[in-house]
Amino acid sequence: MAIPHAKPGEVVDVRPLGSALASAQTATLFRAEQVEVRRLVVPAGKEIAEHKAKGEIVVYCLEGRVAYTAFGKTHNLDAGKLLYLPTGEPHSVKGIENASLLLTILLPKH
């Protein structure tokens, strides 16, 4: 069963999950023609191998801490920190603490 995405004009709660973070799953909050927004849940110790996004991305750490590697450097992102990456920049993520990130992907026009 597909998880419903937010509809235009619908309010979405992106506050930190707190104690619910440990059991939370990554979810796409909404998707449109040129933008996708996800809550990315990264448990401590989990690694997301190097990959490239189809568009520009903005990553905002809502809670916890991750190590984000891009441009040949590793950056610690913790709550309140934001990172921008251009289209196609190889990057990887590793959970330092249980974390949730707000990931916005700006998709190219078809």
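The values are calculated or read from the model by the stated rules, or taken from the named source; none is laboratory data. Since the model is a prediction, treat every value here as computed from it, not as a measurement. As a convention, Cβ positions derive from the backbone with ideal geometry for all residues, glycine included, and neighbour counts pool all protein chains shown. To get the accessible areas, we keep the full protein, side chains included, count just its heavy atoms, and leave off ligands, DNA and RNA. Shrake-Rupley method; radii C 1.70, N 1.55, O 1.52, S 1.80 Å.
Counting only residues that are more than 18 Å from A79 (Cβ to Cβ), open to solvent by 80 Å² or more (accessible area, probe 1.4 Å) and not in a helix (DSSP H, G or I), how many does the stretch 7-24 have? First the steps, then the outcome.
Step one: filter the stretch 7-24 for residues more than 18 Å from A79 (Cβ to Cβ), giving 7-12, 23.
Next, from what is left, pick out any that are open to solvent by 80 Å² or more (accessible area, probe 1.4 Å): 7-11, 23.
Now restrict to residues that are not in a helix (DSSP H, G or I): 7-11.
Residues flagged as more than 18 Å from A79 (Cβ to Cβ), open to solvent by 80 Å² or more (accessible area, probe 1.4 Å) and not in a helix (DSSP H, G or I) within the stretch 7-24 amount to 5.
I need the full set of residues from the stretch 84-105 which are surrounded by fewer than 16 Cβ atoms within 10 Å (Cβ to Cβ), under 24 Å from F30 (Cβ atoms) and touching a strand residue (DSSP E or B) at 6+ places or on another chain (Cβ under 7 Å), in order please.
Y84, P86, T87, E89, listed by residue number.
Pick out the one residue from A70, A32 that is of a type in the set (G, A, S), at pLDDT below 95 and more than 13 Å from the chain's Cα centre (by Cα).
A32
Give A79, A27, A67, A53 a once-over and let me know the one that is open to solvent by less than 50 Å² (accessible area, probe 1.4 Å) and closer than 12 Å to L102 by Cβ.
Of the residues listed, the single one that is open to solvent by less than 50 Å² (accessible area, probe 1.4 Å) and closer than 12 Å to L102 by Cβ is A27.
A quick yes/no check of all residues on (1) closer than 22 Å to A6 by Cα; (2) of a type in the set (A, V, I, L, M, F, W, C):
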site	(1), (2)
R31	yes, no
V41	yes, yes
H51	no, no
Y60	yes, no
A70	no, yes
G88	no, no
I105	yes, yes
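List, please: which pairs have Cβ atoms under 7 Å, are six or more places apart or on different chains, and start with a residue in the stretch 19-37 that is touching a residue at least 40 places away in the same chain (Cβ under 8 Å) and end with one that is among the polar types (S, T, N, Q) and open to solvent by 80 Å² or more (accessible area, probe 1.4 Å)?
none
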